[in-house]
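Below is one structure; the comments refer to it alone.
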Amino acid sequence: MSPAHIFTLRFTIAYLLLLLNPTKFHSDSWKDELLMVALGLTGGSLYFLAENAAMLYTTATNTSLIVCSCPLFAMLLMKLVYRQSEPITRLQAIGSMVAFLGMVVVVLNGHFVLHLSPLGDMLAFVACICWAFYSLLMKTALKRYSTLFITRKVFFYGLLTMIPYYIWRPEFPSLDVLLSAPVFWNLMFLSVVASMICYLAWNFVIKHLGIVVATNWVYFNPITTILFAWWLLSEEITVWFLMGSALILTGMYMSDHYAIKKPEG
């Protein structure tokens, strides 16, 4: 199964599950509906296609470093768009950069050699920018609509904007492949947990913590990956991992602690 097949199936299942909790199906205006289209594109089809295609042309290390730099771009976008209403403190910005440095240390793990691949690196950068814009657009959408409504729209328009891919490559896995036990249960996990629950949770977090604090948690991904690799695959915990993790946690604390808090109500 290709990444596009997996994306299509996981989003389809997640969308159908969200339909079990009926809410309104249309936005209040055509402009808001276009906003939902943009969310489905940046947080769905274009993001997943760019990220997975990048892996075909560049290394996993390059892809991870570029995609995980999303919080820095999200912070810059916030600074440009919400300069007055959502100010970013100097220490908050420094915290985000410290966390980014920690992520670099964890991902490189002492091997400070990068193999540049212009096409692959550019695709990873496109995925990074997509997620930054998705987070920014989500802030606007959450002012007018519920998390459940927006998430369902993201899945719907993510699937809709994937149609051109299948015009180009119309093949799809057979039913026998989809119903085989390993494929079926992995798809169910990706659909229910990694898509429906995680997207709902992410959009909820953006609403309550803000873009900068929320996206800084992307830096925590390499830590959880290595911890699970140590637990499940018996991979080694290195001193680089410990140093990088300390920087990530310090930076995340600074970014959250020194953010300007909005008064309740």
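Listed values (i) 17.8, 50; (ii) 18.0, 56; (iii) 19.1, 56 include one computed from this model; for Rg and Dmax of the Cα atoms in Å that value carries the label (iii). Hey, in the GNM for the chain with a 10 angstrom Cα cutoff, which one of F100, F25, F48 fluctuates hardest? In the Gaussian network model the winner is F25. Here's the list of aspartates and glutamates a cross-link from K139 could span, going by alpha-carbon distance under 20 Å and ignoring same-chain residues fewer than 8 apart: D28, D32, E33, E86, D256, E264. For the chain, the residue among Y47, Y134, T8 whose Cα projects farthest onto the positive side of the dipole built from Cβ charges is Y134. Taking label points 7 Å from Cα along the Cα-to-Cβ direction, D32 and T89 give a separation of 3.4 nm.
Mean sequence separation of contacting Cα pairs (under 8 Å, at least six apart), scaled by the length of the chain, corresponds to a relative contact order of 38 percent.
Only helical DSSP H runs with n ≥ 4 go in: add -39500 (n - 2.57) per run for the chain, normalise by residue count and round the 222 nm mean residue ellipticity to 500 deg cm²/dmol.
-22000 deg cm²/dmol
Of the chain, which part is the longest with no GluC sites (Glu not before Pro) in a loop (DSSP not H, G, I, E, B) and with at most 10 other C-beta atoms within 10 angstrom? Provide the component values of the computation, followed by the final result.
Working: sites that count: E171, E236, E264.
The segment 1-170 is the longest one with no such site.
Could you give the DSSP H helices of the chain that reach 30 angstrom or more along their long axis (alpha carbon positions) and whose average Kyte-Doolittle hydropathy is no lower than -1.0? Display every interim value, and only then the final one.
Working: long enough: 118-141 (34 Å, 1.35).
Both cut-offs are met by 118-141.
Counting Lys +1, Arg +1, Asp -1, Glu -1, what net charge surrounds C128 among other residues with beta carbon under 13 Å of its beta carbon? It would help to have the intermediate numbers written out before the result.
Details: positive: none; negative: E51, D121.
In short, -2.
Descending by average beta-carbon neighbour count within 10 Å, the peptides 183-190, 63-70 line up as 63-70, 183-190, the highest first. GNM on the chain, alpha-carbon springs under 10 angstrom: the most fluctuating residue among I163, I88, I211 is I163. A protection proxy built from the mean count of other Cβ atoms within 10 Å ranks the segments 218-225, 143-150, most packed first, as 218-225, 143-150.
With +1 on each Lys and Arg Cβ and -1 on each Asp and Glu Cβ, and nothing else charged, work out how big the dipole of the chain is about its Cα centre, in Debye to the nearest 20. Walk me through the numbers before you get to the answer.
On the way: 15 positive and 12 negative charges, 182 e Å.
Value, rounded to 20: 880 debye.
If you run the Gaussian network model on the chain, springs between alpha carbon atoms under 10 Å, then out of V105, V37, V177 the most flexible one is V177.
A short reminder: the numbers here are calculations on the coordinates, not readings from a lab. The structure displayed is predicted, hence computed values, not measured ones. Methodologically, a virtual Cβ is constructed for each residue, glycine included, from the backbone with ideal geometry; neighbour enumeration extends over all protein chains shown.
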